[in-house]
Amino acid sequence: MPRHPINRSASAIPLDHHLRMVDQLPAIITSQTLFGNDSPLELEIGSGKGLFMQNRSGKHPEHNFLGVEIAYKYAVQAAERLAKHNRTNAIMASGDAEPLLEKSFPDQTLAAVHIYFPDPWWKKKHKKRRVVNPQSVKHIYRILTTNGSFHFWTDVLEYFESAIEMIAAEVPQFGPPIPEEPESEQTEVPAGSNPSPTPSYRTHFERRSRLHQIPVYRVRYDKR
Ligand SMILES: C[S@@+](CC[C@H](N)C(=O)[O-])C[C@H]1O[C@@H](n2cnc3c(N)ncnc32)[C@H](O)[C@@H]1O
């Protein structure tokens, strides 16, 4: 039995399509088993309140998106965003993403894996709980399609540097990390004046970091 009543939300938005517990997901996760079509599938681990899931699924209706969030409260909030914006190509799952990486995704299934601002687990004895770890990065490489990409952003320099070093040792096939830039959007301006780019935050934590002038470290790995 799931620990929480699901598919209900405080605001009474029906979440039937947009929220599952991880143990309600298909045993084998593909676009076909989850969405009933063959669109490229992207995974976000640790979606928080779901800003990335909302924005990315709107910008890329030709892709499907699965967000996995261990904190039930946030998974519900993220699912509510998706339901409110009628994102039929996106689903939130509440639970731990790591067993899914190991067991649920066949090789060469995902067009992209996104991990933004994972919990830092500062203390030395807790670092093994980090979601970017030797096992997870090997699975991420295995389940990405050729030309698929793994996006990893954080504001914790030590996490960033140790992850880059660990990935080079554990999955050298990824090759060197590719720096990514923050996104910006052109605001509409009257003809003749210069367009001014305004920030477009990928996630809530990116917004928080940038508003407080905290440096953000952004990389992508492409599977060749
Ligand atoms: C610091 S928050 C960042 C949220 C969001 N990515 C952002 O950038 O705004 C990290 C999130 O990862 C979630 N999380 C941590 N470990 C997880 C796991 N094993 N599986 C799924 N979600 C996880 C946490 O509950 C938390 O919401």
Legend entry - Residue-wise HN-Hα coupling along region 107-119, computed from phi with Karplus coefficients 6.51, -1.76, 1.60 (Hz; x: Gly, Pro): 3, 6, 9, 10, 6, 7, 10, 10, 10, 10, 6, x, 3
Inset, instruction - Along Cα→Cβ, 7 Å out, is where each label goes; now give me the distance between the ones at Ala27 and Asp96 in nm to one decimal. - result: 2.1
Legend entry - Per-residue HN-Hα couplings for region 37-47 [Karplus 6.51, -1.76, 1.60; θ = phi - 60°; Hz; x = Gly/Pro]: 8, 10, 5, x, 10, 10, 10, 10, 9, x, 6
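Among the DSSP beta bridges whose two residues both lie in the chain, what percent are antiparallel, rounded to the nearest 5? Before the final figure, lay out the partial values.
On the way: 12 of 35 bridges.
Expressed as a percentage, antiparallel bridges in the chain total about 35.
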Inset, instruction - Return the distance in nm (one decimal) between the two label points of a simple spin-label model at Thr146 and Lys124, each offset 7 Å from Cα along Cα→Cβ. - result: 4.5
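Which ordering of Leu51, Leu157 is given by a fewest-first count of other beta-carbon atoms within 10 Å? Please list the in-between numbers first.
Working: Leu51 19, Leu157 10.
In increasing order of surrounding Cβ atoms, one gets Leu157, Leu51.
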Legend entry - For region 76-196, fraction of C-alpha pairs farther apart than 16 Å, in %: 71
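Given 0.36 nm per residue, what is the gain on full extension from Met166 to Glu62 after removing their alpha carbon distance, in nm? Could you put the intermediate results ahead of the total?
Values: separation 104, 0.36 × 104 = 37.44 nm, distance 3.33 nm.
In short, 34.1 nm is gained.
Please report His139, His212, His18 as a ranked list, fewest other C-beta atoms within 10 angstrom at the top and most at the bottom. Write out the running numbers ahead of the final one.
Details: His139 18, His212 8, His18 29.
Least crowded to most crowded, the residues run His212, His139, His18.
Which FRET efficiency, nearest 0.05, do Tyr72 and His212 yield, Cβ-Cβ r, R0 35 Å? Kindly include the intermediate steps, with their values, before the conclusion.
Details: r = 28 Å, r/R0 = 0.79.
Efficiency, from the Cβ-Cβ distance: 0.80.
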Legend entry - Count, lysine Cα pairs under 19 Å in the chain, 8 or more residues apart or across chains: 9
Legend entry - Residues whose placed amide H lies under 5 Å from that of Leu19, excluding near-sequence neighbours: Met92
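Mean Kyte-Doolittle hydropathy of 1.6 or higher plus an axial Cα length of 24 Å or more: which whole DSSP H helices in the chain meet both? Before the final figure, lay out the partial values.
Details: long enough: none.
Correct list, ordered by number: empty.
For the chain, what does -39500 (n - 2.57) per DSSP helix run (n ≥ 4), summed and divided by total residues, give at 222 nm, in deg cm²/dmol to the nearest 500? Before the final figure, lay out each step's value.
Numbers: 7 runs with 66 residues, N = 224.
Here the helix-only value at 222 nm equals -8500 deg cm²/dmol.
Laboratory data are not the source of any read-out in this text; all were calculated from the coordinates shown. Given the structure is predicted, the values throughout are model-derived calculations rather than measurements. Every residue, glycine as well, gets a Cβ built from its backbone with ideal geometry; the counts of neighbours run over all protein chains shown.
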